[in-house]
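The structure appears below as structure tokens.
The values are calculated or read from the model by the stated rules, or taken from the named source; none is laboratory data. Fair warning: this is a prediction, and the values are worked out from it, not measured in the lab. Using ideal geometry, Cβ is built from the backbone for each residue, glycine included, and neighbour counts are taken over all protein chains shown.
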Amino acid sequence: MLAVGLDIGSTTTKAALIEGDAILGHAVQATGANCRRAAETVLGEALRVADRGAEEIAYTLATGYGRRLVEADATISEITANAAGARRLTRDGAPARTIIDIGGQDSKVIAVDAEGVVQNFAMNDKCAAGTGRFLEVMSRIVETDLDRLGPLSLASTERVSISSICTVFAETEVVSLLAEGRQAPDIIAGVHRSIAKRVGDLARSIGIAEPVFFDGGPALNAGLRRALEEELQVSLVVPEHPQVATAIGAAVLAATRLTRRLSDGA
């Protein structure tokens, strides 16, 4: 029997499947305007990857900003699901003690104890600065694809500072830098440092303990990873598929609830 975790984010929707202790499959797709449709599509893709059928699903747990808009057996906060996902994905090494999650519309830092229990968290959900949305805006201004930002920034040869912490003002600042003839790699590296500073301040507000686990779509950005490591003076632990960490956590918790349900019914 399958346990399903759905993470309905503002930008992307993720699904993960677990049976017993094994992660069988996961998938990611753009959320778009219809959360329910996105959840159905991404779950179908995860089932296809796992070569399993929808009739095998026994428990579904939804998280993320759109968790109440989709069909599921129950919902859970993304803080709790993210912590569970980080613990599952670091179980073969030292367990994560600080989790940094940068999403499309917010960024979060979560402090957990050695058992993976959430102790504290801080969130930036009032401003796009320090989020995936900020990166999307900047990629459009420098006229490059979002997935090219990381490699381009690593080619930077001159340090450029982005002083504005507001997306609107930062956009004007970047346009001015381009007009001055500053190179895109240097500007992008500056953008990454600006985000890293914003997230670093958030992390320091609750305390930073290692290992530091970094997930969310922007964790795929090598330039941002480097900027964060320099800002925090730590080596980040980044899972192979950072976008689905919270969905995996929801699936882990769904599997636990399913086991409890079966035990209670025995």
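Values as computed for the structure displayed
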{"read-out": "Residue match in region 94-103 (condition: at pLDDT below 90, surrounded by 24 or more Cβ atoms within 10 Å (Cβ to Cβ), closer than 25 Å to Ala209 by Cβ and out of contact with any Asp or Glu (no Cβ under 6 Å at 6 or more places or on another chain))", "value": "yes"}
{"read-out": "Residues (under 21 Å from the mean Cα position of the chain (by Cα) and within 18 Å of Leu2 (Cα to Cα)) located in region 50-69", "value": "Thr60, Leu61, Ala62, Thr63"}
{"read-out": "Region 68-77, residues that are farther than 18 Å from Leu258 by Cβ and not in a loop (DSSP other than H, G, I, E, B)", "value": "Arg68, Leu69"}
{"read-out": "Number of positions in region 225-256 that are assigned to a helix (DSSP H, G or I) and over 16 Å from the mean Cα position of the chain (by Cα)", "value": "11"}
{"read-out": "Single residue of region 182-207 satisfying the filter (of a type in the set (Gly, Ala, Ser) and closer than 21 Å to Pro151 by Cα) that is nearest to the chain's Cα centre (by Cα)", "value": "Ala196"}
{"read-out": "Complete set of residues in region 178-189 that are surrounded by 20 or more Cβ atoms within 10 Å (Cβ to Cβ) and closer than 16 Å to Arg140 by Cβ", "value": "Ala184, Ile187, Ile188"}
